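A short worksheet on the structure shown next.
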Amino acid sequence: MLCGALFRLFGDGKPDGLPLPRHLATPSAKDPPPPMSSLIESDSFSVGEPTSYGAPHGRAARTGREVSPLALAWRNRWLLLLTTLVGGGAAWATVQRVTPRYTSVSRLYVERALPRVLESEAPVVQSATYLYTQAELIRSTPVLAAAADAPENANLETFHGVDNRVAFLRDNINVGVGSQDDIINVSAELPNAADAAQLVNSIVDAYVSKYAEQRKTNTVEVLTILRNEKHKRDAELAECRKALDDFRQQHMELAVQLEQGNVVTQRFSSLAEELNSTEIELLQAKALFHRVKSMYDTPKQRPFLLDMAGDDQQALRDIELERQVQEVEQALASERARWGEGHPRVKLLRQSLAELRDKLTKMQEIVIEAYVESVRQQYELLDQKRSELQAAYDASFAAATQASSLLVQLNSLQEAYERTANMCDILDERIKEVNLTEEFGAMNVSILEVAGPATIPSYPSRARFLAVGLMLGGVVGFGLAWLRELLDHRLKSVDEISEVVQLPVFGVVPQSSASADRALAGQLVLQAPRSSVAEAIRTLRTALHFGMAGEDVKVLAITSPMPGDGKTTIASNLALAMAQADQRVLLIDADLRKPSQHTIFDLSTEKGLATVLSARMPVGDAIVRLRESSLEVLPCGPLPANPVELLNNGYFAELLESLKTRYDRIVIDSPPVLPVADARVIAAVSDATLLVLRAERSTRRSAIGARNELWRVHANRLGVVLNSVPLRKQAAYGYGDPYGYGYGHQYGYGEYAAIEEASAPDRGRKKSRALVKAATEPAITSQE
């Protein structure tokens, strides 16, 4: 039921426009709940590994494939290895062809000493702006031109064929400031190591000689500038002081208000806040009053006013009267159920209830009127309060306006005075801090490291090139693997089949080496009972027995999306395995287009299902029974011209109903679902349908298409069998022999060897057919 809910919520389980099967459709209110006819709705079970019955719990079923990167890489490991090696080889070839370049570096420490003059207005940042400015000066045109024109650099090999030496140096010289220190690094990367070192040292010398000379500054000039500024600031300070004193003398009342904390302004602020609060409350009270009045004027809405009154009118409510009404209602219901409507006690209680309800109604009217009156009084009270506050606010506003204008002028004068006094103090401090020396502002350059010729090339880095080449090769390989996985629509694992098809997987059958001969492959349960294929068929038989309600499922249709998926061999081997479990089993070859069961069991094609359906031959005349086994086979017979009409005329369904009483299990070898419509007709009349998917061949589209077609005809109890799993990929499909029993390897080796010998291409099909016929011919008789 959880899966059905997930289908309805997310809608990812079927294509748009496709009706859900009846076991997943939402039942209507009028229809009775349908019987549990789908395996999706049955209780979960476990045979070997747990099976999935639809979408995983807690999320909608997915129709796409999700493969982990590790699994994808392991699956395509040889492709990844090849692309990685190719990337590494390309990187190594690139390293061998690239011209090596050598880097020479010179390290400088630049420091300047400045006096703290007006530091607060123009801060000096030594390690940021100043150092970056010096780095740009080193790369400036005058410095580079001086280095290029130096006599020792005239005949350098690097400058051969270079017309603009300054531009060449600007492109190849790198100047940077350390991120963790205040060191300036000057470097050059050139093919000639000696030329790189010489050019770096020449640029450093040109910078030192041009910008880093000691400069002289007259300290007397600096002191004169500071003192003249100090005299101007003192005169301005005196004027500000006189203006402030004159204003205070003219407006003495401001001093009183200031001492009292500006009472006018504080009173005006309090009135404004109170007026705003009162206006908000008035709006709320007005809205409530109009709403209550409107409800009171409408008789149908008056009862709601009783709930709005709430605890405000709780004192007016008669709790005792309400309790009496409830008790009388309970007594009336009890007496009415006991004596009926016409009994005197019922009439008396009904009359008492009416009187009590009249009293309760009158009491409620009183409560409602009281509530309405209280709302009206609150509204009028707030309106009166607002009018009084508005008048007080207007009067206070005029007084506050006049006081504020004078205070603004006073504060402006006070701020001007304080600002001028502060500037005078700063000038006094800076004059005291000036170092009365003849030199200041000098720039000291220390060459920490002189550039020298490098012995190891800085470019290309072999380790880096190889790492990048290997990484790019791996990325390209992973991309190709992902693209290959994206374009490959085949089903790759049992989990993927469960999620995509949303049906339980009942079994996984490994690939058989005898699959080349259909007669041998169809009877592996008999010919090689201890082989891994036979054991997988018996496991499938057990899973079907417990997973499909035991004996309730008698008719089992076996089909596949497309031809060649192995449905015929699965049907014959499963029927033989069921017969070995002491059950009466009938195998019907219902593939009326390309039958194969007569080939597997070497039966005649003169009569069979086609003759039973078309000529109404007694079915017992067409059934062939194998001796020493309860398996009976109904072959196809002669190929009819209208197979769909024969299966869909109603007689086939009646035939199955009659055969159910004679057999424990009926296994039907059905045609594939997608090419023809025969399988849909057979699935509609069967108790369960088993969809055979072939490993490394069946695609998601064909599997989903076959499932949808079966759902369209309301097929019951759908399940999946995965066939022909390669031995090297059994772990990926959830199949294997972890306990080491060695099915088909230790105990059954002799039987398998006989099958291998019989199925070898050079022995021909006649010898293998003879082996099968020799094993089964004595046991075949016609059933009366």
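Some points to look at:
- Residues in the stretch 95-115 that are of a type in the set (A, V, I, L, M) and over 13 Å from Glu449 (Cβ atoms) were compared, and the one that is modelled with the lowest pLDDT is Leu114.
- Within the stretch 443-461, being out of contact with any strand residue (DSSP E or B) (no Cβ under 7 Å at 6 or more places or on another chain) and either of a type in the set (Ser, Thr, Tyr) or surrounded by 13 or more Cβ atoms within 10 Å (Cβ to Cβ) (or both) holds for Thr455, Pro460, Ser461.
- Just one of (1) modelled with pLDDT of 80 or more; (2) surrounded by 15 or more Cβ atoms within 10 Å (Cβ to Cβ) fails for Ala337. It is (2).
- Qualifying residue in the stretch 422-442 (condition: modelled with pLDDT under 75, assigned to a helix (DSSP H, G or I), among the basic types (Lys, Arg) and surrounded by fewer than 17 Cβ atoms within 10 Å (Cβ to Cβ)): yes
- Cβ-Cβ distances below 6 Å connect the following pairs, each with a first residue in the stretch 681-692 that is in a strand (DSSP E or B), a second residue that is of a type in the set (Lys, Arg), and a separation of six or more residues or different chains: Ala688/Arg717; Val692/Lys567.
- Scanning the stretch 619-644 for residues that are hydrophobic (A, V, I, L, M, F, W, C) and either in contact with a Leu (Cβ under 8 Å, 6 or more places away or on another chain) or open to solvent by 30 Å² or more (accessible area, probe 1.4 Å) (or both) gives Val619, Ala622, Ile623, Val624, Leu631, Val633, Leu634, Cys636, Leu639, Ala641, Val644.
- Of all the numbered requirements in (1) under 30 Å from Pro100 (Cα atoms); (2) open to solvent by 10 Å² or more (accessible area, probe 1.4 Å); (3) in contact with a helix residue (DSSP H, G or I) (Cβ under 9 Å, 6 or more places away or on another chain), Arg484 misses one, and that requirement is (1).
- Test: residue in the stretch 487-509 that is in contact (Cβ under 8 Å) with a residue 24 or more places away in the chain, closer than 25 Å to His598 by Cβ, open to solvent by 20 Å² or more (accessible area, probe 1.4 Å) and not acidic (Asp, Glu): no
- The stretch 590-618: number of residues that are open to solvent by 20 Å² or more (accessible area, probe 1.4 Å), in a helix (DSSP H, G or I) and aliphatic (A, V, I, L, M): 1
- Search result, residues across the stretch 386-397 that are touching a residue at least 24 places away in the same chain (Cβ under 8 Å) and open to solvent by 80 Å² or more (accessible area, probe 1.4 Å): Phe397
- Check on Met471, modelled with pLDDT of 90 or more, open to solvent by 50 Å² or more (accessible area, probe 1.4 Å) and outside any helix (DSSP H, G or I): no
- In the stretch 144-190, the residues that are open to solvent by 70 Å² or more (accessible area, probe 1.4 Å), in a helix (DSSP H, G or I) and without any contact (Cβ under 8 Å) to a residue 12 or more places away in the chain: Pro151, Asp171
The values are calculated or read from the model by the stated rules, or taken from the named source; none is laboratory data. Predicted model, so just to flag it, every value in this text is computed and none were measured. Quick reminder, even Gly has a Cβ in these numbers, built from the backbone with ideal geometry, and neighbours come from all protein chains shown. Side chains included, ligands, DNA and RNA excluded: accessible areas come from the protein's heavy atoms. Shrake-Rupley method; radii C 1.70, N 1.55, O 1.52, S 1.80 Å.
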